[in-house]
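Colleague: Got a structure for you, questions after.
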Amino acid sequence: MQLQFAMDTLTTEDALDLAGKAAPYVDVIELGTPLIKSAGLSAITAIKQAHADKTVFADLKTMDAGELEAGIAFDAGADLVTVLGVAGDSTIAGAVKAAEAHGKGVVVDLIGVEDKAARAKEVVALGATFVEMHAGLDEQAEEGFTFETLLHDGEASGVPFSVAGGITTDTIGAVQASGARIAVAGSAIYSADDVAAAAKALRDAITEQSAA
């Protein structure tokens, strides 16, 4: 299982600083939606230039104009972009068309989708590289939210998936056991006093379970 670091900073400078500390321990570097909205596409380019050996994930959360939005992110240096699962099939297909033209990939973010397992099957059939079983910050704060639901939906989907939604060293083992392709950690890394140590702890947890 790979480790993805999601950065929700608001400046390119802060993102470069965080990415530089975490990079030795992560496989995928994600520019969060707030970062892209605040700093623009140039942030994608800056991260890719600084970390050419990493997969750069642009969390666009596209809802319309899939081919156009994915294309400009790929041109800026992104390897993967997100389209929302609640978007129309034509929007997802458009983003996939752009991905194929650039030799890149599309991830469908299932945040807000009620039947995540069913939609996951549909969007992979449309050409998505994988889906993201995602509970956003607002959903995590809602009464009744359980992390286990995301893992169950991923397993039930039968397609390649990642998991995002408050992953820590306490939960990453369960994510790996669920068969997830990627574990996405954000605050567990960027809010830590020692960003490098936090990223390493998550990497070590993955390695230890793999060896068990």
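The values are calculated or read from the model by the stated rules, or taken from the named source; none is laboratory data. Keep in mind that this is a model prediction, so the values were computed, not measured. All Cβ positions, glycine included, derive from the backbone under ideal geometry; neighbour counts span all protein chains shown. Protein only, heavy atoms only, side chains kept; ligands, DNA and RNA dropped before computing areas. Shrake-Rupley method; radii C 1.70, N 1.55, O 1.52, S 1.80 Å.
Colleague: Are there any GluC sites (Glu not before Pro) in region 61-168 that are in a DSSP loop and have at most 13 other Cβ atoms within 10 Å? List them by number.
Modeller: Glu114, Glu142, Glu143
Colleague: So which residue, out of Leu41, Leu84, Leu137, gets the largest mean-square fluctuation from a GNM of the chain using Cα contacts under 10 Å as springs?
Modeller: Among Leu41, Leu84, Leu137, the largest mean-square fluctuation in the Gaussian network model of the chain belongs to Leu137.
Colleague: Keeping every protein chain present and rolling a 1.4 Å probe, give me the accessible area per residue for the chain in Å².
Modeller: In whole numbers, the chain has 43 Å² accessible per residue.
Colleague: Which one of Gly32, Leu110, Leu126 has its Cα pushed farthest toward the positive end of the charge dipole of region 1-150, where Lys and Arg give +1 and Asp and Glu give -1 at the Cβ?
Modeller: Leu126
Colleague: How much of the calculated P(r) for the chain lies past 23 Å, in percent of all Cα pairs?
Modeller: For the chain, the share of Cα pairs beyond 23 Å comes to 42 percent.
Colleague: Rounded to the nearest 20 debye, what is the charge dipole size of the chain about its Cα centre when +1 sits on each Lys and Arg Cβ and -1 on each Asp and Glu Cβ?
Modeller: 600
Colleague: Accessible area of region 2-205 with a 1.4 Å probe: how many percent of it is carbon plus sulfur?
Modeller: Roughly 51 percent of what the probe reaches on region 2-205 is carbon or sulfur.
Colleague: A further question follows. Which value at 222 nm does the chain reach when only helices count, each DSSP H run of 4 or more adding -39,500 (n - 2.57), with the total divided by all residues and rounded to the nearest 500 deg cm²/dmol?
Modeller: Dividing the helical sum by the residues of the chain leaves -14000 deg cm²/dmol.
Colleague: Classify region 137-207 as rounded, prolate or oblate from the Cα gyration tensor: take a ≥ b ≥ c as the square roots of its eigenvalues, call it rounded if a/c is under 1.5, otherwise prolate when a/b beats b/c and oblate if not.
Modeller: oblate
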